[in-house]
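Notes follow once the structure below has been shown.
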Amino acid sequence: MQQEILKRYDRDGVSTLTLNSPTNLNALSEAMIDALASTLSEIAEDKSVRVLVLQGAGKAFCAGHDLKEMTQGRQAPDGGKAYFKMIFDKCAAMMTAIARLPQPVIAKVHGVAVAAGCQLVATCDMAISSEDARFGVNGVNIGLFCSTPMVALSRNIPRKVAFELLTTGDLIPADRAHELGLVNRVVASSELDRATGEIARKVAGKLGAAVKIGKLAFYEQAQMTVDRAYEYAGSVMVENMLYRDTEEGISAFLEKRPPSWSQ
């Protein structure tokens, strides 16, 4: 029986996706990217899912693209040009789908998260890391500048630090990743499940419609001037205030009782 490359488990509004290809450190092969893209599309339409957690099976979170598979693609008459464009386009679309997913996405990181694996962490809305994790964009060590991982990384950490990592290929420990803002929290390996579950359940307990509209606004306003961002964010607040469940939430707060939300 063929191994299920991506596993999904849902419980209490939290969907957990496990990259399940430990023999190649959960590399982003074409099959893995396709599986992620398809499942993300399903989750986007699933109103029962309020939070998504991404994790890796085995010794690592994700080691980036599958270099063996990419080497095979080079055997084409064009030297792999069409294949390389296809795989990088697919990966970019999958990463973009994470940012556009209505639900918040939390990376649960252990082992290594390098190259496109580091890009995956940077793309997620939040990240919880075990203290033994290491992060980097080390493609330059084999002569391949991590240009696509650079897009997400340079939007997460200071530019000069990102450039240093991209040009040296050095890996950084979890505490440095936390210091730079790449991850939200660093915990002992034995606490990774608990810590990730705790924040996932906390977010899942909020009004889903408010979190959904807020996530979209978070990324939209970041691309605007301050004046335009305030104008846009104000319109979002107005829309949110008109939600029946938001009215109920405010009433419940004023009346010192739990809210009774419809969703």
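The values are calculated or read from the model by the stated rules, or taken from the named source; none is laboratory data. Here the structure is a predicted model, which means the values were calculated and not measured. In this analysis, Cβ positions are derived from the backbone assuming ideal geometry, glycine residues included, and neighbour counts consider all displayed protein chains. What goes into the accessible areas is simple: the full protein's heavy atoms, side chains included, and nothing from ligands, DNA or RNA. Shrake-Rupley method; radii C 1.70, N 1.55, O 1.52, S 1.80 Å.
Descriptive notes on the structure:
- Test: residue in region 102-110 that is more than 13 Å from the chain's Cα centre (by Cα) and either surrounded by 16 or more Cβ atoms within 10 Å (Cβ to Cβ) or of a type in the set (A, V, I, L, M) (or both): yes
- Unique residue being farther than 17 Å from Thr123 by Cα, surrounded by 13 or more Cβ atoms within 10 Å (Cβ to Cβ) and among the hydrophobic types (A, V, I, L, M, F, W, C) when the list is Val226, Val151, Val236: Val236
Rundown of residues vs (1) within 30 Å of Pro173 (Cα to Cα); (2) at pLDDT 95 or above; (3) in a helix (DSSP H, G or I); (4) of a type in the set (A, V, I, L, M, F, W, C), yes/no style:
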{"site": "Val186", "(1), (2), (3), (4)": "yes, yes, no, yes"}
{"site": "Lys202", "(1), (2), (3), (4)": "yes, yes, yes, no"}
{"site": "Tyr230", "(1), (2), (3), (4)": "no, yes, yes, no"}
{"site": "Ser235", "(1), (2), (3), (4)": "no, yes, yes, no"}
{"site": "Glu239", "(1), (2), (3), (4)": "no, yes, yes, no"}
{"site": "Glu248", "(1), (2), (3), (4)": "no, no, yes, no"}
{"site": "Lys256", "(1), (2), (3), (4)": "no, yes, no, no"}
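- Neighbours by Cβ (under 7 Å, 6+ apart or cross-chain): first from region 129-148, under 24 Å from Ser189 (Cα atoms); second open to solvent by 10 Å² or more (accessible area, probe 1.4 Å) and of a type in the set (Asp, Glu): Gly136/Asp170
- Exactly one residue out of Leu28, Leu17 is open to solvent by less than 40 Å² (accessible area, probe 1.4 Å) and under 24 Å from Lys202 (Cβ atoms), and it is Leu17.
- Considering the conditions (1) under 27 Å from the mean Cα position of the chain (by Cα); (2) open to solvent by less than 70 Å² (accessible area, probe 1.4 Å); (3) farther than 30 Å from Val109 by Cβ, Val211 is excluded by exactly one of them, (3).
- One residue from Ala217, Ala210 being more than 21 Å from Ala122 (Cα to Cα) and touching a helix residue (DSSP H, G or I) at 6+ places or on another chain (Cβ under 7 Å): Ala210
- When the strands (runs of 3 or more DSSP E) confined to region 1-73 are screened for residues that are within 30 Å of Gly169 (Cβ to Cβ), those reaching at least 3 such residues are found at 14-19, 51-56.
- Only one entry of Gly205, Gly249 meets the criterion of being of a type in the set (Gly, Ala, Ser) and under 27 Å from the mean Cα position of the chain (by Cα), and that entry is Gly205.
- Leading residue by the ranking (least open to solvent (accessible area, probe 1.4 Å)) among those in region 63-101 that are under 16 Å from Pro149 (Cβ atoms) and among the small types (Gly, Ala, Ser): Gly64
- Candidates are the residues of region 159-190 that are under 21 Å from the mean Cα position of the chain (by Cα) and among the basic types (Lys, Arg); the one that is most open to solvent (accessible area, probe 1.4 Å) is Arg159.
- Residue list for region 115-138, filter: part of a strand (DSSP E or B) and surrounded by fewer than 24 Cβ atoms within 10 Å (Cβ to Cβ): Met126, Ser130, Arg134
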